[in-house]
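Asker: Provided herewith is a single structure, encoded as structure tokens, for subsequent inquiry.
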Amino acid sequence: MIKTITILSAILFSSMIFSQKSDEKKLIKELSDNACKCIDSISASNKEKSAVVNEIHDCIDKQAGVLQLSSLLSSAEKMKENAPEVNGKKQINIEFNTNKNSEQYRESYNKIERTLMNDCEHLKKIINTAETKDNKFSDNEDAIEYYTKAVNFSKQEDWNGAIKNYKLALEKDPKFVYAWDNLGICYRRIGDYDKAIDAYKKSVAIDPTGKMPLQNIAIAYIYKKEYQKAIDAYLDLDKVHPNDAEVYYGVGQIYALHLENNEKGLDYISKAYKIYTQQKSPYRTDAEKIIGIIYNKMKEQNKLDKFKEILKKNDINFK
């Protein structure tokens with residue numbers, strides 16, 4: 001729905017302060033801080049990732065309308081010169097589009113989302129820790145005790161202490177999937193990528209559907225600069241979790257940033273961008289950044305027509 005808002009203003013229009021870029025940046029920061037406080041209150045415990053993403057979306061949505069309206073007020077300031085006068089005051093009509101799919105709304109939403117992805121520490125954390133309902137934990141009390149100690153060491157970034165305790169937990173329960181997963185993360189933190197991959201593969205052997213270890217095998221291969229193995233690992237993930245945005249994003253990033261194949265990279269990243277957008281996932285911003293990098297590379301190569309062609313094929317309108 002489009003609502004027409006009529007503003008009657010004195011010639012000086014002194015109340016309209018939003019026309020200044022510095023004021024817009026300040027407002028975006030303020031609204032993003034509000035959204036971040038809302039996100040801080042979200043718990044990922046015992047929730048599917050999709051539910052967590054929807055709660056994040058609601059936090060951003062509450063602020064997006066304010067920014068949308070302020071942008072319209074800013075445009076009204078520019079319209080005042082040619083506006084008709086009513087009883088000695090300028091009459092300006094602006095259209096406020098309440099449709100959440102409108103360009104007006106999406107532009108405001110995206111500005112806040114981009115700021116959050118850079119500044120809101122809790123945002124990515126809760127997405128990454130959102131739990132799925134599974135049997136990956138342990139029933140062994142000793143294993144749980146060592147696991148808890150390992151988690152505390154990890155919080156202090158004492159990776160060797162964490163590794164020691166995850167290994168002790170696994171001695172008590174060799175099928176403790178989360179312990180294998182976190183052991184792999186700790187090995188990756190200290191740069192021992194081969195041991196990280198081995199831990200992830202142990203996890204997958206117990207639970208072949210494990211998205212976290214399957215994805216991290218690919219990431220470890222990227223750190224090792226074994227890019228074809230990383231692509232193969234992402235394709236293994238795709239067999240278990242088809243049409244997952246992380247597969248498209250991971251493969252696209254490898255082609256674009258490491259293998260200098262911008263066209264293939266753009267095609268994969270575009271698919272990820274579209275899925276993230278449909279899911280209302282903040283990771284859309286990460287895909288957007290890669291698309292921007294590819295745009296600059298293809299512009300230097302005089303391949304903007306091909307760039308636009310690939311985006312059109314993926315039904316994306318990117319500015």
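The values are calculated or read from the model by the stated rules, or taken from the named source; none is laboratory data. Everything quoted here is computed from the prediction, not taken from an experiment. We place every Cβ from the backbone using ideal geometry, glycine too, and count neighbours over all the protein chains shown.
Asker: Name every residue in segment 244-276 that is among the acidic types (Asp, Glu), assigned to a helix (DSSP H, G or I) and within 16 Å of residue 230 (Cα to Cα), in order of residue number.
Answerer: 246, the sole residue that qualifies.
Asker: While we're looking at this one, here's another question. Going by the structure shown, is residue 172 surrounded by fewer than 18 Cβ atoms within 10 Å (Cβ to Cβ), of a type outside the set (Ser, Thr, Tyr) and closer than 27 Å to residue 223 by Cα?
Answerer: no
Asker: Additional query: Mind telling me which of the residues 198, 236 ends up being under 24 Å from residue 274 (Cβ atoms), without any contact (Cβ under 8 Å) to a residue 60 or more places away in the chain, in a helix (DSSP H, G or I) and among the acidic types (Asp, Glu)?
Answerer: Exactly one residue qualifies, and that residue is 236.
Asker: Output the residue which, of all residues in segment 199-211 that are buried (at least 17 other Cβ atoms within 10 Å of the Cβ) and closer than 22 Å to residue 160 by Cβ, is farthest from the chain's Cα centre (by Cα).
Answerer: Looking at residues that are buried (at least 17 other Cβ atoms within 10 Å of the Cβ) and closer than 22 Å to residue 160 by Cβ, I get 202.
Asker: Here is a list of conditions, (1) buried (at least 21 other Cβ atoms within 10 Å of the Cβ); (2) under 22 Å from residue 127 (Cα atoms); (3) hydrophobic (A, V, I, L, M, F, W, C), and residue 275 meets all of them except one; can you say which number that is?
Answerer: (1)
Asker: Can you find a residue in segment 15-22 that is modelled with pLDDT of 70 or more and not in a loop (DSSP other than H, G, I, E, B)?
Answerer: no
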